[in-house]
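**Student:** Next up is a structure, given as structure tokens.
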Amino acid sequence: MTYHSGSRAVQDRVGVRDLADHVGRAIGRGIRPVAAAFLEQQPMLVVGAAAPEGGAAPGGGGGVWASLLTGRPGFVRATGPQRISVTGGPPAGDPLTAALATPGAPVGTIALDPRTRRRMRLDGRVRPTPRGFAVEADRVFANCPKYLQKRETYETVADRTAGVPRRGRELTPSQRKFVEAADTFFLATVHAHGAEASHRGGNPGFVHVDSPGGLSWRDYPGNSMFLTLGNLAADPRAGLLLLDWTSGAVLQLTGTARTEFAPDGERTVRFTLTEAVETPGASPLRWSAPAYSPANP
């Protein structure tokens, strides 16, 4: 089944069910050769899942998080027509360490290449391996380049040492600036049968800090499938991942989110924070300055 009841409810509210059915035909289970080649070129992968314990949130189960994985190109690759394998895993203490070591745990992944403005999503089930983990695919598809900022090059800092993670229940003043300067974030959501990781982008300031425990952003027009908003309609748990593309700092947020629908058709997502984890220097990648997407409002 391509869509569950949450996505169908949003599609019907917006009036795009027929368009969603058409676009949804691009979703499959197989990894095509062009997708396999794309994966092997990537130095990073974002994963989203629910933590199996701790971080309890409304909706049942543990909190939902998005985490960044990095490695030399080839660390993530297709190892079967419906399987990807990842060498390594998240840093010690990452909120998703346990989930990625749990056989059968639902996980969503997104590989995004800022150099080419391409992205690929794969959702499935975790299978731990001696060198890391694999994901047996349930759904595989690509997204258009809308709202992706282009970053031409990156360098890898080999001798870095990640800082000590800082945890809190509210955003600090420096974290507020981190969020308000962001032009990209990744969003993890879940539903009864799986998990997903998606991308949101815009010019700096497109994410608003409404309070130390609340964020909001406008939901820009997309592919009309409403997978993410549909998940939130069914289960409000959500995880955000924000990157400092120049310093390697990572900010992970978990909480709940809901969508507001205005009479003029505009949609706003409001996120309520449960916990924040900031890790200085978590990523070894240092990217060049962005060229903002011409699709950004």
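The values are calculated or read from the model by the stated rules, or taken from the named source; none is laboratory data. What you see is a predicted model, and the numbers here were worked out from it, not measured in a lab. A quick note on method: Cβ atoms are made from the backbone with ideal geometry, for glycine too, and the neighbour counts reach across all protein chains shown. Each accessible area value is taken on the protein alone, full model and side chains, heavy atoms only, with ligands, DNA and RNA left out. Shrake-Rupley method; radii C 1.70, N 1.55, O 1.52, S 1.80 Å.
**Student:** By accessible area of protein heavy atoms, probe 1.4 Å, what ranking do LYS150, LYS177 get, highest first? Mind showing how you got there, number by number?
**Tutor:** On the way: LYS150 60, LYS177 145 Å².
The ordering from most to least exposed comes out as LYS177, LYS150.
**Student:** Rounded to the nearest 10 Å², what accessible area does ARG166 show when all protein chains are kept and the probe is 1.4 Å?
**Tutor:** The accessible area of ARG166 comes to roughly 120 Å².
**Student:** Tell me, what is the 1.4 Å probe accessible area of HIS22, in Å² to the nearest 10?
**Tutor:** Looks like 110 Å² after rounding.
**Student:** For every other residue with a beta carbon closer than 12 angstrom to the beta carbon of TYR147, add +1 if it is Lys or Arg and -1 if Asp or Glu, then tell me the sum.
**Tutor:** Result for the neighbourhood of TYR147: +4.
**Student:** Tell me the label only: which of (i) 33, 23, 17; (ii) 25, 23, 20; (iii) 29, 21, 18 is semi-axes √(5λ) of the Cα gyration tensor in Å as calculated from this structure?
**Tutor:** Step by step, semi-axes √(5λ) of the Cα gyration tensor in Å for this structure corresponds to label (ii).
**Student:** To continue, here is another question. Taking a quarter of the surface of the convex hull around the Cα atoms of the range 203-279, what do you get in nm²?
**Tutor:** 6.1
**Student:** Which order do the peptides 284-290, 95-101, 262-268, 106-112 take when ranked by the mean count of other beta-carbon atoms within 10 Å per residue, highest first? Could the numbers behind the result be given before it?
**Tutor:** Numbers: 284-290: 16.7, 95-101: 20.9, 262-268: 10.1, 106-112: 24.4.
Going by the mean number of other Cβ atoms within 10 Å, highest first, we get 106-112, 95-101, 284-290, 262-268.
**Student:** Using the Kirkwood formula over every pair of different C-alpha atoms, what hydrodynamic radius in Å results for the range 1-149?
**Tutor:** 16.3
**Student:** Give me the net charge of THR116's neighbourhood, meaning all other residues with Cβ under 13 Å from the Cβ of THR116; Lys, Arg count +1, Asp, Glu -1.
**Tutor:** Residues close to THR116 contribute a combined charge of +4.
**Student:** For q = 0.12, 0.13, 0.21 Å⁻¹, what log10 I(q)/I(0) does the range 168-297 give under the Debye formula with an equal point scatterer on each alpha carbon and no solvent?
**Tutor:** Per q value, in the given order, log10 I(q)/I(0) is -0.45, -0.54, -1.38.
**Student:** Between beta-carbons, use under 10 Å as the cut-off and find the net charge around ASN296, counting Lys and Arg +1, Asp and Glu -1.
**Tutor:** Around ASN296, the surrounding residues sum to 0.
**Student:** Accessible area of TYR147, 1.4 Å probe, to the nearest 10 Å²?
**Tutor:** For TYR147, solvent-accessible area is about 30 Å².
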